[in-house]
Every structure is written in C-alpha cells, then in structure tokens.
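All remarks here apply to the structure that follows.
The values are calculated or read from the model by the stated rules, or taken from the named source; none is laboratory data. All values derive from a computational prediction rather than experimental measurement. For neighbour counting, all protein chains shown are included, and Cβ atoms are generated from backbone atoms with ideal geometry for every residue, glycine included. Ligands, DNA and RNA are stripped out before the accessible areas are found, and what is left, the full protein with its side chains, is counted by its heavy atoms. Shrake-Rupley method; radii C 1.70, N 1.55, O 1.52, S 1.80 Å.
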Amino acid sequence: MRTFLRIASSVYALAIYGFIFLPVVVLVLFSLQATSFPIPPFTGPSLRWYEAVLSDTRLTSALVNSLLVAALSSAAAVTLGFLSAWGFARFHLPGSALLRGLITLPLTVSYLIIGMGLLVLFNWAGIPKSLISAGIGHVVINLPLCFAIIYSQMGDHQINIERAARDLGAPEWKVLLLISVPVMAPAIFAGFFLSMTFSWDEFVISFLLTRFDTTLPVEIWNLLRSGLNPKTNAVGSLVFAVSIVLVVLFELTLLRKKPA
Amino acid sequence: MSITENNGQALPRADRALPWALVTPALGWTLLFFVLPFIAMGLSSLTAHDGGAFTLSNYSEFFTNPSYWQAMVNSLQVTAIVTVISVLLAYPFAWILAEQVPERWQRLALMLAVLPFWTSYVVRSYSWLLVLAQNGVVNRALTGSGLFNEPVQLANTRLATVIGFVHFFVMLLTLTIFANLKQLSPSYRKAAADLGAGPVRTFLHVVLPLTLPGIMVGAFLTFVLCIGDYITPQILGGNNELLMPQLVMMQIGRRGDFPLASALSIILMAVVTVAYLACARWLKIERA
C-alpha cells in the first residue's frame, strides 16, 4: 500500500509538472528554431530570432516603455502604500477599518473593469490615451498590493525605535525617512518588485489606455496577429527571463528577515 | 472622534494633521482613479450610444439579445468547468507536495511548480497555441505515433480555452491549497490515527473538511480571475464562441460603444458579487 502510494504520487506529480512546463519548454525551445516556423521538427539551435527581436525598434522601444512604466508606477504605488500603511499602523483614525478596506478594494475587481472605468473617465475628461494614463491604472492595481504587504510587516518593535528618535528631538519627517524607511526596507523592496512583475506583464489596461507608444505585452499582442512566429517565442523567452529576475529579487528581499 | 497614537496617547494639537497627511494620498488616488471611474462607468451605462438622455436600453439589450445572453452563459460554463477541473487536479498535487515530498525539498518543489506563473500572461496563452496548433507539438505526437491519421482541431476551440485557463489556475490553486495543508496541525491526524482511523478515513473525515474553507477561497479566486479574463479566450478560443470579456472589448474596439461596454462590465461585476455572497461563509472563516 505504502509503496503503491509512493509510486502513484510520483507519477501524478511528474504528470502535473509536465503539464505545467510543457508550454514554457516549447516556447523556449522553438525560440531557438533556425527556420521560420515555430513548429516541430526542431531545426535549431540558432539565435537569429533573438537578433531579430533586438534589432526591431518597435519591440525594443516597447520594452523600454514597459520597464519605465513598471518602475515609475511601482515607485508611486510603493510610496503611497508605505505612507498610508505607516499612518494606519501608527495612529487610530476614525473609520480606519473602512478606509483600509477602500484602499484594498481594487484587488477584488478585474483589470478589465478597472481599465474600462479609467477609459470612460479619461474619455469624458478629454485626457488622451498615453503611457501616463496606463501608468495611472498600474498604480491603481498595485497600490493595494504594496499597502497590504507593508501594512502586514509593520511590527510593534519599530514603534519604540521611532519613539526614541522623537525623544531625541527628531522631527517627524526625519523619523520617517531615517528610521522607518530603513527599518521597513525589506517590505518596501518586496512590494516594489512584486508590483514591477505585475505592471511589467499587465496587458488589458495598457491595451485600453495607450495608443501609439505602448508597452511590451501590447506589442506582443500585435505580433500575434501575424500568426505563429519564432520572433514571438524569442521575445516571450526574454520577458520570462526578466520576470524571473524580478521574482528572485522579491524572494530575496522578503525572505531576508532580521531576527525580531 | 479624536486621533490617538496606537498606544492610546492623544496626539498634541499641532500634530493632528499628520496622520491624515500620510493616508490622504493613497485614499485620494483610490477615490480619483478607482471610485470615480466606476461612477463614470455607471453613468455611462445609463446613456444611449449616440449620447444624450437617461436610458435603461443597454441593460435591456443584454437581457433581450440572445447573443449577449449566450456570452454570459458561455462564460459561466467555461468558468465552472475550469474551476472544478483545476481544484480536482491541484488538490492531489498540493497534497503530494505537502505530505510526500521531504521537508527540505518542499520549497524548491513548490517554486518549480509555480515558475511558469511568471512568464508573460499573453505569451503563456500563445505558447499553448504552439502546443495545440494544427501542426503543433500535440498533433505531431498524435499523428506521428499513428494514433490519429489526421491532425485534430484543438486550437480555436472551447477545449483550448479551458486548457489554457486550467494551466494557470492549477498553479494558483496549488499554492493556496498547499499553504492550507501546511497550516493543518499534525495532531488532528495523530488523534484520528489513535482512534483507529486508517489513512483514507483520516483524509476523508479530518483533512478534507478542515481544508474545505481554503479550497473555497481558491475556487472563488479562480472564478473571479477566470470570468474577467480576456486574453486566454481571445488567443486560444478564437472567435467561435464569445465570452463576456471578449464581448466587452468588442463593443469598444469595433463599435466604440462605451455605454454598452460599461453596462456589460457592470453586469459582469454583479455576477462576481453574487458569487462572493454565495461563498461569503467560507471566505469569512478564512479571514477570521
């Protein structure tokens, strides 16, 4: 019975791993395809499609746009998230639970609806579609995430350090900048890198709110119209590599906990 | 109400503004770019396409036009199928990771299981297209092995949409169910064993009921993300049958009909809210 269970478990786990990895392996493998179609049989290896991607100015500028929007919107989300988390953790405000709920509310709404709402609003207000509009949407989806991560990591032990600084005559902004920010740095970086991965990969909001200059997922979407194409595989593999780097940074910053 | 520090001390009058100065930017952003757009969408849904007066025609169009109605039925069917299959596939997998894999390998095993999570979402759907296409990997394997003479139509079908979704949600549910299983105190299982229950009975009568709230939370998450997603059905399902998000995007893209798109979005949100209320019992237990 026991050995049977072990064997059955291993077979099942391998099957699921196979299912989970199948598309990724196919993507990366055929990005190295030498011929023009990403289909079997495999004729590689060749880096020509990576060269094609890197010499495609539409794709490279979309890549730069994506990184820029991700970095700036994440910085904004993490700043707003940190300030509000600090405010809610340190002070009892009237209606505080309700207000915290309001900040985390966008987490429960699909990106399509958030993008739609902004599109209707900006359309009415006469604000043109741009990377900035998309960036505003990215802050909306990442602010609750940053807030939740940072708020959950606000421990009581930090209060005493802050109080000591205040007793020694530090003004409030100095306490915030020189004490709280460094103490909370792991949570702040974790929030930042996690929002980076979400913003970097976000499609629907960028699709709805940008027009000429756009982000990489939208540009990849445009590439898909030309059918199966090894260039898409190559750019997809590159996106995967960047995401993995961001996720590793997130893991390292959140898990590098100091002894409490 | 007065504003106090969280040790109960009242703030000096001069510092009263400080807490509000800290939380106002985030609240303002949420009000301006989340609540206000939602109100704008609500108002827009009550206007006619060619502008002008208040009307309920966008909503009545949804309920009377069978093709719109059909999109909602399709969405609900696909979402239900995806949620059930994903839970059924993910639960045993999470159980194996939590129970059968040695402790020191668990983190690595879990990280590997969610690694493809971090590929671009658009690219992940496209990768399934590579796998399922007429001359793709699966069809090559099927015809090459002599099982089938003709390639099978897999891409641009509901099956392809379901496969793409299940791929995503198996990873997500594995995470949530794994966390749930790890939180379970081993003493419950020991107690069941001491009272003479075999492994199967222990699982059915102790482990499964105790992890049910976690499953419900994961299933709810699957429901919300699945029913609101545009990318996977658009890339993998093609335009043979429309799901709700595709219908919404179509109103904007092809027809520029913002009021109808707004009304359809609001109906979609209403369905999610109903699902939330239906699961509220389990979702609340989880939060407590």
**Item:** In Hz, Karplus ³J(HN,Hα) per residue of segment B:174-181 (6.51, -1.76, 1.60; θ = phi - 60°; x = Gly, Pro)
**Value:** 4, 4, 5, 5, 4, 4, 5, 5
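So what's the net charge close to B:Val101: Lys and Arg +1, Asp and Glu -1, counting the other residues with Cβ under 14 Å from its Cβ?
It works out to a net charge of +2.
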**Fill in**
Of the candidates A:Leu246, B:Pro213, B:Leu181, the farthest towards the positive dipole end of the protein assembly as shown (Lys/Arg Cβ +1, Asp/Glu Cβ -1, centred on the Cα centre) is B:Leu181
**Request:** Report, in debye and to the nearest 20, how large the dipole of chain B comes out about its Cα centre when Lys and Arg carry +1 and Asp and Glu carry -1 on their Cβ.
**Result:** 620
**Request:** Could you pull the Rg and Dmax for segment A:14-167, using just the Cα atoms, both in Å?
**Result:** 22.8, 72
**Fill in**
Residue-ordered couplings for segment B:138-144, obtained by feeding phi - 60° into the Karplus form 6.51 cos²θ - 1.76 cosθ + 1.60 and rounding to whole Hz (Gly and Pro as x), are 5, 5, 4, 5, 5, 6, x
**Asked** Across the residues of B:106-118, average count of Cβ atoms on other protein chains within 10 Å?
**Response** 4
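Give the whole-number value, in cubic angstrom per residue, of the convex hull volume spanned by the C-alpha atoms of chain B.
Convex hull of Cα atoms, per residue: 234 Å³.
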**Alpha-carbon radius of gyration plus Dmax, which is the widest Cα pair, for segment B:141-186 in Å** = 17.7, 53
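Please arrange B:Trp69, B:Trp95, B:Trp128 by accessible surface area, largest first, computed with a 1.4 Å probe and ligands excluded.
B:Trp69, B:Trp95, B:Trp128
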**Message:** Between B:Asn240 and A:Ser61, what's the calculated FRET efficiency when r is the beta-carbon distance and R0 is 35 Å? Round to 0.05.
**Reply:** 0.50
**Asked** With every protein chain left in place, what is the accessible area of A:Asp56 in Å² (1.4 Å probe, nearest 10)?
**Response** 30
**Complete:** The ³J(HN,Hα) series, computed from each phi in segment B:234-246 with the Karplus coefficients 6.51, -1.76 and 1.60 at θ = phi - 60°, rounded to the nearest Hz and given as x for glycine or proline, is 5, 6, 8, x, x, 10, 5, 9, 8, 9, 3, x, 5
**Charge tally in the Cβ shell below 14 Å around A:Thr215, where Lys, Arg are +1 and Asp, Glu are -1, A:Thr215 excluded** = -1
**Message:** What is the distance in Å between the Cα centroid of segment B:237-259 and that of segment A:143-160?
**Reply:** 40
**Complete:** Under a Gaussian network model of chain B whose springs join Cα atoms within less than 10 Å, the largest fluctuation of B:Thr55, B:Thr79, B:Thr161 belongs to B:Thr55
**Prompt:** Using modelled amide H (1.01 Å from N, peptide plane; none on Pro or chain starts), what sits under 5 Å from the amide H of A:His92, excluding residues fewer than 5 places away?
**Reply:** B:Thr4, B:Glu5, B:Asn6
**Request:** Please report, in debye to the nearest 20, how large the charge dipole of segment B:109-215 is about its Cα centre when each Lys and Arg carries +1 at its beta carbon and each Asp and Glu carries -1 there.
**Result:** 200
**Request:** For the protein assembly as shown, would you read off the P(r) tail past 31 Å as a percentage of all alpha carbon pairs?
**Result:** 54
**Item:** Accessible area expressed per residue, chain A, with surrounding protein chains retained (probe 1.4 Å, Å²)
**Value:** 45
**Fill in**
Charge tally for neighbours of A:Ser9 with beta carbon under 12 Å away, counting Lys, Arg as +1 and Asp, Glu as -1, is +1
**Message:** With every protein chain left in place and a probe of 1.4 Å, what is the accessible surface of A:Ile114, to the nearest 10 Å²?
**Reply:** 10
**Prompt:** Among B:Trp105, B:Trp20, B:Trp118, whose mean-square fluctuation peaks in a Gaussian network model of chain B (Cα, cutoff 10 Å)?
**Reply:** B:Trp20
**Dipole of segment B:102-213 [Lys/Arg +1, Asp/Glu -1 at C-beta], most positive-end residue of B:Ala192, B:Leu147, B:Leu172** = B:Ala192
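For segment B:85-200, compute Rh as the Kirkwood radius over C-alpha pairs and then the Stokes-Einstein diffusion coefficient at 37 °C and 0.692 mPa s; write the answer in µm²/s, rounded to an integer.
For these conditions, the coefficient is 195 µm²/s.
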**Request:** Among A:Val204, B:Leu242, A:Leu98, flag the residue with its Cα farthest along the positive direction of the charge dipole of the protein assembly as shown, charges on Cβ as +1 for Lys/Arg and -1 for Asp/Glu.
**Result:** A:Leu98
**Message:** Connecting C-alpha atoms closer than 10 Å in a GNM of chain B, tell me which of B:Pro209, B:Pro92, B:Pro233 has the biggest fluctuation.
**Reply:** B:Pro209
**Prompt:** Given the protein chains as shown and a 1.4 Å probe, how many square angstrom of B:Thr64 are accessible, to the nearest 10?
**Reply:** 110
**Long-range HN-HN contacts of B:Thr47 with modeled amide H, under 5 Å** = B:Thr55
**Request:** Give the relative contact order (percent, whole number) for chain B; include only Cα pairs under 8 Å separated by 6+ residues.
**Result:** 26
**Item:** Average partner coverage of A:233-239, which counts Cβ from other chains inside 10 Å
**Value:** 4
**Fill in**
Taking N as the number of residues in chain A, the ratio of its alpha carbon radius of gyration to 2.2 N^0.38 Å works out to 1.25
**Prompt:** Where does each of A:Leu224, B:Leu56, B:Leu221 land when they are ordered by accessible area, with a 1.4 Å probe and the largest first?
**Reply:** B:Leu56, B:Leu221, A:Leu224
**Message:** Students sometimes get this wrong: rank A:Trp124, B:Trp29 by accessible area, probe 1.4 Å, all chains present, largest first.
**Reply:** A:Trp124, B:Trp29
**Request:** Please get the size of the charge dipole for segment B:210-288, origin at its Cα centre, with Cβ charges of +1 on Lys and Arg and -1 on Asp and Glu, quoted in debye to the nearest 20.
**Result:** 180
**Request:** Hey, can you grab everything whose amide H is under 5 Å from the amide H of B:Tyr230? Only 5+ residues off in sequence or another chain; H modelled, so Pro and N-termini drop out.
**Result:** none
